[in-house]
Amino acid sequence: MSQGTFADPVRILLYGFNQRNESMMRQLFRGARWRDCTVVDDASADFAIVDLDGPSPEKIWSAFRKAFPTLFALVVSMQLRHKDNALFLQKPLSMERLRTSVDEIKTYLKQENSQTPTDKVETTDAPALTALDAAHTLATEEDSHLFGDKTEVSFDDKVALGTRMFDPEKYLYGELSKAIEQSRATGKPLEISGSLYGRVLPGAIRILPQENLVEHTLRDIMIRAMSIVRLDSGQLVLQTKEAFAPLQGSVTVNLDAFLWEVAVATSRGRLSKALRMHEPLTLQHWPNMTQYLEVPYSLQISSLLVSSAYTAQELCEQFGIPQRFVFSYLSALNAIGILVSGSSNKTSHTTNDKRPLRRFFNRILERLSLDTAS
């Protein structure tokens, strides 16, 4: 996997671990599953893993930031600790969650380092960018068009809040969701075609449930245009029928990735009415962000919802994330079925893999968590 301008393998600094736990982490990263990672002891690191379960976590963090003011960090702790320019991962750790977090950071670093020199923010005599500042750079004018109105509304104003919600049943999003459900139930491909503004669509969408794929012959700009037009306006007319032949000259994409894109385009910074503003939500597992349309702040929101349950209001007000990105991201997560209500439905992250080596490394992570908690 290309990692942009940072090293491959990616270089990781371990900070704040006691001697025993650092030794276990080093042993972990020597495993076959971590060949794309190497542990270093100096400022050549691409990012750090910082353990904040020591006797003085704030002093540890302060010392880390003094030594490495701009280095991105993965903070691990039993308690919820969100820090600047960092992703949080709550203990007890598991192999899968640590692997996912490292992959997400690698993707983030690749995006940051792929900027041209004119794109990069001048940092001379300026404070180090935080993770939220980095996310702000994603909110370009194109994002403003895709993610809707920048204006924030009061969560106490029910009328204004109503303008920040949409009914998926009245859009392509809803029709696509129903067609996917039907196609999966029958195991047969379905095709969606129709007209926009009275003109026949220059292509169609074909759902392949057995392969979990979508074929389509529509340009992205057409799909986004179809996504924002209400079905009850009469301007978009859709027909769904059983499909028997492949679409000629089609593009093939992952089914969930296609549904995600349509959900984001439909949302435009609004929250699906399938969710509620004041409903605690949590993630069953990390989304595979490498295959989905990027939403600013997705890394921060995912780290919060994996570790605990939050309402849309809490995500906006407690963590300063703009409403339009919270609403769009929650709507997209709900579209692919990995967002659940309340912490009681949260999926356990305990790994049941029966392979001896995987069990061995998971025991290392569990032992590390027990040592720091005791």
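Worth a mention:
- Meets criteria (charged (D, E, K, R) and modelled with pLDDT under 85) for Arg206: no
- A single entry from Thr266, Thr282 fulfils the requirement of being within 22 Å of Lys150 (Cα to Cα) and either in contact with a Gly (Cβ under 9 Å, 6 or more places away or on another chain) or modelled with pLDDT under 90 (or both): Thr266.
- Residue pairs whose Cβ atoms lie under 8 Å apart, sitting 6 or more positions apart in sequence or on different chains, and linking a residue in the stretch 182-196 that is assigned by TED's automatic domain parsing to the domain that holds Lys241 to a partner that is hydroxyl-bearing (Ser, Thr, Tyr), are Gln182/Thr240; Pro189/Ser183; Leu190/Ser183; Leu190/Thr240; Glu191/Thr240; Ile192/Thr240.
- The stretch 247-258, residues that are in a loop (DSSP other than H, G, I, E, B) and of a type outside the set (S, T, N, Q): Leu247, Gly249
- Sole exception among (1) within 22 Å of Asp149 (Cα to Cα); (2) surrounded by fewer than 19 Cβ atoms within 10 Å (Cβ to Cβ); (3) modelled with pLDDT of 90 or more for Gly320, by number: (3)
- Members of the stretch 151-173 found to be among the β-branched types (Val, Ile, Thr) and either within 24 Å of Leu259 (Cα to Cα) or buried (at least 20 other Cβ atoms within 10 Å of the Cβ) (or both), listed by number: Thr163
- Leu129 surrounded by 13 or more Cβ atoms within 10 Å (Cβ to Cβ), of a type outside the set (Val, Ile, Thr), at pLDDT below 90 and part of a loop (DSSP other than H, G, I, E, B): yes
- Matching residues, the stretch 174-201, being part of a helix (DSSP H, G or I) and crowded, with 16+ Cβ neighbours inside 10 Å: Gly174, Glu175, Leu176, Ser177, Ala179, Ile180, Ser183
- Residue that is surrounded by the most Cβ atoms within 10 Å (Cβ to Cβ) [pool: residues in the stretch 223-258 that are out of contact with any strand residue (DSSP E or B) (no Cβ under 8 Å at 6 or more places or on another chain) and among the hydrophobic types (A, V, I, L, M, F, W, C)]: Ala257
- Qualifying position, being out of contact with any Phe, Trp or Tyr (no Cβ under 7 Å at 6 or more places or on another chain) and under 23 Å from Ser341 (Cα atoms), among Leu275, Leu236: Leu275
- Total residues in the stretch 259-274 satisfying the condition of being in contact with a strand residue (DSSP E or B) (Cβ under 7 Å, 6 or more places away or on another chain) and either surrounded by fewer than 17 Cβ atoms within 10 Å (Cβ to Cβ) or part of a loop (DSSP other than H, G, I, E, B) (or both): the figure is 2.
- Residue within the stretch 283-297 that is surrounded by fewer than 16 Cβ atoms within 10 Å (Cβ to Cβ), in a loop (DSSP other than H, G, I, E, B) and touching a helix residue (DSSP H, G or I) at 6+ places or on another chain (Cβ under 7 Å) present: no
The values are calculated or read from the model by the stated rules, or taken from the named source; none is laboratory data. This structure is a prediction, so every number in the text was calculated from the model and none was measured. Note: ideal-geometry Cβ built from the backbone for every residue, glycine included; neighbour counts use all protein chains shown.
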